[in-house]
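Colleague: Submitted below is the structure of interest, expressed as structure tokens.
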Amino acid sequence: MHPASWVTWVLVVMVVALATTNPFYLALLLLAVVLVAIVAPRQANGVVSFRALAVFGAVMAAISMLIAVINGSYGDHILFTVPGPEVPRWLGGLRLGGPVAAEGLVAAGIRSLAILSILIAFGVFNGAVSPYRILRSTPAALFQASLILTVGLTLLPSSVEDLRRVREMRALRGAPGGLRELPALVVPAILGGLERSLRLAEAMEARGYGASPPLPARARLAAAGAVPLLVAAAWAWFYEPSWRPYGLAALLGAIALLAAWWRTAARARRTTRFGREPVPPAERIAIASALALGATVLALRFTGLGQLTYNPFAGLPVPGFELLPALAAAAMAWPAALITLRPGPAAAPAADPARPAEARP
């Protein structure tokens with residue numbers, strides 16, 4: 001698949017995971033992401049990075065549940081009580097332990113589903129797409145940001161590989177294992193990653209990467225002016241419902257300023273490509289459909305429709321379920337359909353056994 005397809009898929013998965021707190025929709029989204037993870041191809045370093053991100057997501061989900069148990073929770077359905085001290089209210093009222101309600105565990109489980117969906121999606125993206133393909137496919141206006149992203153995407157698999165190599169060398173020398181030896185594993189891997197990053201930065205600086213002329217003052221002012229407009233639009237939309245028309249006007253102004261900055265930045269930097277990688281028509285249709293689904297989910301969230309929000313502390317009711325957001329969550333498995341339906345390489349014709357073999361010289 002084209003890198004633009006993978007980038008669109010990851011962004012839409014993030015939008016759906018962050019826009020809903022309904023466990024039914026999040027479960028469908030997680031199943032769709034896992035299906036894509038099973039089907040998606042992986043590079044050599046991508047396997048390591050995918051495993052690392054999947055394990056990290058599982059650990060974060062377990063930590064979220066553990067914090068819900070340690071801190072206790074409030075609700076009508078008390079499951080058990082964890083003994084622990086309670087700080088006086090005039091010192092902040094921090095509590096360790098106490099009654100653990102089913103509402104708190106459900107809320108922690110909902111957060112865990114969203115965390116797992118996003119991290120596994122990033123693991124699939126990091127394993128299926130080469131960072132250098134992303135850099136080649138990035139528009140000229142975002143070259144600096146894509147360069148930083150490329151270096152960042154290569155840091156995780158290389159750090160995990162350094163950690164595995166240090167562990168193997170210590171095992172060959174007979175060093176003991178366990179949690180006490182964790183600093184002896186992590187510190188060399190971090191130092192190796194920093195040293196490799198410095199060497200890469202020096203090599204790129206010597207070859208002239210990033211040596212582009214500065215943007216005009218009007219372009220820099222346009223980019224700087226778009227930020228407060230975006231903040232004002234968000235504040236007016238979420239905190240002042242009567243000011244929403246002004247928020248929409250501020251949003252349109254920010255988009256206009258960003259468009260002006262984009263145009264100037266794209267003209268300021270000239271990039272040379274020896275070969276372009278066009279997006280296939282089927283993937284273009286899939287990208288447009290995914291963006292439309294993401295916009296639909298956001299529209300449902302802002303309007304309060306579709307049963308996207310769920311509050312377990314309101315008596316632990318049964319989550320609502322509607323067809324449109326459920327289909328939007330399940331449709332996040334569209335990369336699996338494209339990969340499965342993609343025609344494979346043509347097989348070589350079989351040799352005819354009745355035909356005599358050609359004489360070798």
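The values are calculated or read from the model by the stated rules, or taken from the named source; none is laboratory data. No experiment lies behind these values; they were computed from the predicted model shown. All Cβ positions, glycine included, derive from the backbone under ideal geometry; neighbour counts span all protein chains shown. Heavy atoms of the whole protein, side chains included, go into the accessibility calculation; ligands, DNA and RNA do not. Shrake-Rupley method; radii C 1.70, N 1.55, O 1.52, S 1.80 Å.
Colleague: Starting from residues that are under 30 Å from V100 (Cα atoms) and surrounded by fewer than 16 Cβ atoms within 10 Å (Cβ to Cβ), keep the ones in the stretch 28-55 and report whichever is modelled with the lowest pLDDT.
Modeller: Here the answer is V55.
Condition check ((1) out of contact with any Asp or Glu (no Cβ under 7 Å at 6 or more places or on another chain); (2) modelled with pLDDT under 85) across all residues:
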| site | (1), (2) |
| --- | --- |
| L291 | yes, no |
| A299 | yes, no |
| Y310 | yes, no |
| G315 | no, yes |
| E322 | yes, no |
| A329 | yes, no |
| A336 | yes, no |
| R342 | yes, yes |
| P345 | yes, yes |
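Colleague: Look through L252, L257, L191, L198 and report the one residue that is under 30 Å from the mean Cα position of the chain (by Cα), loosely packed, with under 13 Cβ neighbours inside 10 Å and modelled with pLDDT of 80 or more.
Modeller: L252
Colleague: Can you tell me which residue in the stretch 291-309 is most open to solvent (accessible area, probe 1.4 Å), limited to those that are assigned to a helix (DSSP H, G or I) and of a type in the set (S, T, Y)?
Modeller: Once the filter is applied, the top-ranked residue is T303.
Colleague: Report the residue count in the stretch 100-137 for those that are of a type in the set (V, I, T), open to solvent by less than 40 Å² (accessible area, probe 1.4 Å) and without any contact (Cβ under 8 Å) to a residue 60 or more places away in the chain.
Modeller: 1
Colleague: Here is a follow-up. Across the stretch 71-99, which residue is least open to solvent (accessible area, probe 1.4 Å) among those that are at pLDDT 75 or above and among the aliphatic types (A, V, I, L, M)?
Modeller: Here the residue is V82.
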